[in-house]
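This report refers to the structure that appears directly beneath it.
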Amino acid sequence: MYCFDTKIRVRYGETDRMGYLYYGNYPEYFEVARTEMIRTLGMNYREMEDQGIILPVRSLYIDYQQPALYDEVLVVRSCLKSMPEVKLDIDYEILNERNLLLCRGNTVLVFVDAKTRKLRRAPEFFLEAVRAYF
């Protein structure tokens, strides 16, 4: 298993009239955390796309527990719990500065050949980067 924590401060424009982080912004926070997690493994989306591999989101799940508030610094923990094959299954937790769980989530992305738009296995360079954690 590989987990990585990303810190994000809730900006004013991301909140609703109650001062809560708008519910539709949580998936964007997941994306930021996922991108940074992949970067810590020595890869990035741009390089994969340049090599003809895209990663569309197949599913998204969010379980909201407590609201995130304007100007809070949040920790978005992203965890890759299984070795990827055709899909990249990532769990998330968002915690506030008091370490209170605000939400849990999950995304499943699939490896797709950019030209054919067909599913493909995870590329060897990706597997090599995560193998040490499983």
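Quick notes on this structure:
- Taking each residue of region 15-32 that is in contact (Cβ under 8 Å) with a residue 40 or more places away in the chain and polar (S, T, N, Q) and looking for partners that are part of a loop (DSSP other than H, G, I, E, B) and surrounded by 13 or more Cβ atoms within 10 Å (Cβ to Cβ) with beta-carbon atoms closer than 9 Å, six or more apart or interchain, yields T15/Y22; T15/A68; T15/Y70.
- Looking across region 112-134, just one residue is farther than 20 Å from F4 by Cα, β-branched (V, I, T) and surrounded by 12 or more Cβ atoms within 10 Å (Cβ to Cβ), and that is V112.
- Each residue in region 62-81 was checked for being among the hydroxyl-bearing types (S, T, Y) and within 20 Å of E36 (Cβ to Cβ), and 1 pass.
- Residue within region 16-31 that is surrounded by 11 or more Cβ atoms within 10 Å (Cβ to Cβ), closer than 21 Å to N96 by Cα, over 16 Å from the mean Cα position of the chain (by Cα) and of a type in the set (D, E, K, R) present: yes
- Residue list for region 104-134, restricted to those being farther than 30 Å from Q65 by Cβ, of a type in the set (K, R) and touching a residue at least 12 places away in the same chain (Cβ under 8 Å): K115, R120, R121, R131
- Filtering region 72-112 to residues that are touching a strand residue (DSSP E or B) at 6+ places or on another chain (Cβ under 9 Å), over 20 Å from E47 (Cα atoms) and assigned to a loop (DSSP other than H, G, I, E, B) leaves E72, K81, S82, N96, E97, N99.
The numbers here are math on the coordinates, done by the rules we state, and not lab data. For clarity, every value in this text was computed on a predicted model and none was experimentally measured. Every residue, glycine among them, receives a Cβ derived from its backbone with ideal geometry; neighbour counts consider all protein chains shown.
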